[in-house]
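Just so it is clear, none of the values below were taken in a lab; they were calculated from the coordinates. The structure presented is a predicted model; accordingly, all values stated were derived computationally and were not measured. Here Cβ is always computed from backbone atoms with ideal geometry, including for glycine, and neighbour counts include all displayed protein chains.
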Amino acid sequence: MQFHFNGFRLGDPDVLEADARAQGTGDVMPAEVDVLIVGCGPAGLTLAAQLAAFPEITTAIVEQKDGPLELGQADGVACRTMEMFQAFGFVERVLREAYWVNDTAFWRSDVADPSSIVCGSIVQDTEDGLSEFPHVILNQARVHQFYLDRMRNSPSRMTPFYGRKVVGLTVDRDQEGRPASPHPVNVQLHKGASGEIENVRARYVVGCDGARSAVRSAIGQELKGEAANKAWGVIDALAVTDFPDLRRKCVINNAKEGTIVLIPREGGYMARFYVEMDKLDKKERVASRNITADHLIGAIKRILHPYTFEVKEVAWWSVYEIGQRLCDRFDDTDDQSPDWQSPHVFICGDACHTHSPKAGQGMNVSMQDAFNLGWKLAAVLRGQADPALLISYNSERQRIASELIDFDKEWAAMLSAPVKNSEDESSEGVTPRMVRDYFVRSGRYTAGTATRYPSSILVDETSDQSLAEGFTFGTRFHSAPVVRYLDSKPMHLGHVAEADGRWRLYLFSPANDLQTDNSQIAAVCHFLANSSLSPVVKYTPAGEDIDSVIDVRAVFQEDPATLRGSKLPDLLFPVKGKLQINDYEKVFCADPKSDIFDMRQICREAGCMVLVRPDQYVASVLPLAAYPHLAEFFDNFMISPHAKSPEVKSSPLLHSATAELAPQR
């Protein structure tokens, strides 16, 4: 991490200097805010932690409960989410506390004795090289606490306003549908302690308030879908058992007694059991069955036969119905909205998509919703981007949620299906091998790394993918090891990216580039630092650090010793901060032990530019000489702070509301 660039400071470097506009410690809601976030779940806190980095944006987050979550329902943290946690600065805390899912055991009924179970196979949880981080298990409440710490230690000193329930929400628009004021969203909050109604006006409202979302109802959206008429129970228990895989993730199919998904919990002793219960009648609710914790424990004992199972303590338990539901849109616009109309109300997470918990995707996808939206809101509110950029949230994330629903339906149906009679090929059901094979095939999806955003104003379909086949445009930036030039520190290149709203431009050098008179790295750095057409020059506000909008870094094929005698461009050692001192951490070399050029199939002869969005997704892969193309990419949606009147800028985004954000060329 870097600090001291604004002068020497004592104390914890994670506690940033408070801004003069920082939120106070009282319980008085501001009358006007830029962003009002409703709900302190995973999505709401991800968004709040991201916006807390910008004290110039007035953000408030409210929660109906009286205080922070103490015991969460979700627990699975995917590899992709761990990569995001790295950007938020608390991944080490998660790694220290969490249970690491290294492999999964598949148990089945014994052919000789179908009432007993035997282990059929053990498979690796995630494929080698998929991510530098593991799939882990950690109580959702701990994840919440890490976000709350990040918010409290930010320049904004943000803390939630608890005990607030949304009881009304309207958007003021004129007869043509345009916002009637700078803060067009009117929200009424019921304050639980006093019963008073607080009125808040906001530029934008984001509903992260769960499956019964008041924000979703206010904008006329509804969750559509059907329940699967299947009940499952879940229980966190401290138990004594001779079952040998209590500390290994398991899928256990007992042909006579049903299915268990066993998830070891953090701390070394507790385990979670998802237990298949009875099939529900049509329109029957699970509450009518009066299922108790003893019912769940009894089912676990029968399924684990011949192994013994004695519960010493139940930490938490619940029952639920499998159901997959999805909203048509994730904002307050619709297909009939004018092309120029941008949204002012959004919904994230369970407010717009719900599903069963066994795939372990709910919390992860919800946080990715918010991570996608957060940087876009920040860019618009800081005057960096046209408000029409916000249309891309729905077009990108609604499709991802739809894919999640399809996956969850198939996985939940497979786990609930009867065990197929191995002696009767015509019998219904699935075999344990079919379950295992589907799990293996779906590994990248469950790890969160399979997401690919379609071509759009933010994903350049004209990218030259042949220059870096391992950095697929539209997918997350797949980090790889490098060595930092000036101190020879081994590290991951992707770990330089923080959740700070900045774009990253990685320049990968051709072989021996600096030994030639026509260095391509020197040429592109000269353009970026000096040309009036450069997006770095054009979109960096006066008085701000040169990397405050677009952070440029370079990776060379040479080792640090060879590179030492070379003349490197000044852009790679920019002066920053109040003291205008150099940043020495922009230059990297390939690690000979794990060469990033080989691992990510980067063209050694030509090199390339890889442009990465603030949410860690690859926007474009370009030749080093493609300066005009790079400039054009940003010109399509960015607003120059140097323009005399930003209103005269006509963004192509204004004409793409119904065109899936097709790229403008």
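Suppose every Lys and Arg Cβ carries +1 and every Asp and Glu Cβ carries -1, with no other charges. What dipole size does the chain come out with about its Cα centre, to the nearest 20 debye? Before the final figure, lay out each step's value.
Values: 69 positive and 90 negative charges, 144 e Å.
Dipole size: approximately 700 debye.
Which value, in debye to the nearest 20, describes the size of the charge dipole of segment 68-116 about its Cα centre when Lys and Arg Cβ atoms bear +1, Asp and Glu Cβ atoms bear -1, and nothing else is charged? Don't jump to the answer; show the numbers that get you there.
Values: 4 positive and 8 negative charges, 37 e Å.
Using only the charged Cβ atoms, the result is roughly 180 debye.
Under the rule of -39500 (n - 2.57) per DSSP H run of 4 or more residues, summed and divided by the residues of the chain, what mean residue ellipticity at 222 nm is obtained, to the nearest 500 deg cm²/dmol?
Details: 15 runs with 149 residues, N = 665.
It lands at -6500 deg cm²/dmol.
By how many nm would the segment from Ser594 to Ser402 lengthen if fully extended, with 0.36 nm per residue of separation less the alpha-carbon distance? If you can, show how the numbers build up before the last one.
Working: separation 192, 0.36 × 192 = 69.12 nm, distance 3.67 nm.
Residue separation times 0.36 nm, minus the Cα-Cα distance, leaves 65.5 nm.
For segment 383-497, place one equal point scatterer on every Cα, skip the solvent, and apply the Debye formula. What is log10 of I(q)/I(0) at q = 0.16, 0.20 Å⁻¹?
Summing over Cα pairs of segment 383-497 leads to -0.97, -1.16.
Hey, how many Å between the Cα centroid of segment 151-183 and the Cα centroid of segment 188-259?
Rounded to whole Å, the Cα centres lie 24 Å apart.
Send over the Kirkwood Rh of segment 425-472, from the inverse of the averaged 1/r over different Cα pairs, rounded to one decimal Å. The partial results should precede the final answer.
Working: mean 1/r = 0.0705 Å⁻¹.
Value: 14.2 Å, from the Cα pair sum.
Would you work out which of Leu528, Thr462, Thr562 lies farthest towards the positive end of the dipole of segment 427-565? Charges go on Cβ: Lys and Arg +1, Asp and Glu -1.
Thr462
Which one of Val482, Ala497, Gly362 is farthest out on the positive end of the charge dipole of the chain, using unit charges on Cβ (Lys, Arg +1; Asp, Glu -1) and the Cα centre as origin?
Gly362
Considering the Cα positions of the chain, please state its Rg to one decimal place and its Dmax as a whole number of Å.
Looking at the chain, its Cα Rg and Dmax stand at 26.2, 82 Å.
Considering the dipole of segment 140-244 built from charges on the beta carbon (Lys and Arg +1, Asp and Glu -1) around the Cα centre, which of Asn199, Ala141, Val240 is farthest to its positive end?
Of the candidates, Asn199 comes out farthest on the positive side.
Along the Cα-to-C-beta direction of Glu544, a point sits 7 Å from the Cα; which residues of segment 493-523 have their amide N less than 14 Å from that point?
The answer is 500-504, whose backbone nitrogens lie closer than 14 Å to the label point.
Taking the highest mean first, how do the peptides 255-265, 214-224, 539-549 order by number of other beta carbon atoms within 10 angstrom per residue? Mind showing how you got there, number by number?
Details: 255-265: 20.9, 214-224: 18.5, 539-549: 15.7.
So the peptides 255-265, 214-224, 539-549, ranked by packing, come out 255-265, 214-224, 539-549.
Calculate, in nm to one decimal, what Gln580 and Phe5 gain on full extension: separation in residues at 0.36 nm each, minus their alpha carbon distance. Before the final figure, lay out the partial values.
On the way: separation 575, 0.36 × 575 = 207.00 nm, distance 0.80 nm.
Taking 0.36 nm per residue and subtracting the Cα distance, the gain is 206.2 nm.
Within segment 476-532, list the trypsin sites (Lys or Arg not before Pro) lying in a DSSP loop whose Cβ has at most 14 other Cβ atoms in a 10 Å radius. Working shown, then result.
Details: sites: Arg476, Arg484, Arg502, Arg504; in loops: Arg502.
Counting only loop positions with at most 14 other Cβ atoms within 10 Å, none of the trypsin sites (Lys or Arg not before Pro) in segment 476-532 qualifies.
Hey, what did the chain get for relative contact order, percent, Cα under 8 Å, at least 6 apart?
Details: 1432 pairs, mean separation 95.3, N = 665.
14 percent.
Glu632 to Asp27: extension gain in nm, 0.36 nm per residue of separation minus the Cα-Cα distance?
On the way: separation 605, 0.36 × 605 = 217.80 nm, distance 4.61 nm.
Fully extending the segment from Glu632 to Asp27 adds 213.2 nm.
Of Lys376/Lys489; Lys165/Lys230; Lys538/Lys567; Lys256/Lys409; Lys249/Lys593; Lys65/Lys301, which pairs sit farther than 29 Å apart, going by alpha carbon to alpha carbon?
Working: Lys376/Lys489 33 Å; Lys165/Lys230 32 Å; Lys538/Lys567 26 Å; Lys256/Lys409 23 Å; Lys249/Lys593 32 Å; Lys65/Lys301 36 Å.
From the list (Lys376/Lys489; Lys165/Lys230; Lys538/Lys567; Lys256/Lys409; Lys249/Lys593; Lys65/Lys301), the Cα-Cα distance tops 29 Å for Lys376/Lys489; Lys165/Lys230; Lys249/Lys593; Lys65/Lys301.
Using a 10 Å cut-off on Cβ atoms, rank the peptides 587-599, 48-60 from the highest mean neighbour count down. Before the final figure, lay out each step's value.
On the way: 587-599: 17.9, 48-60: 23.9.
Per-residue mean Cβ counts within 10 Å order the peptides as 48-60, 587-599.
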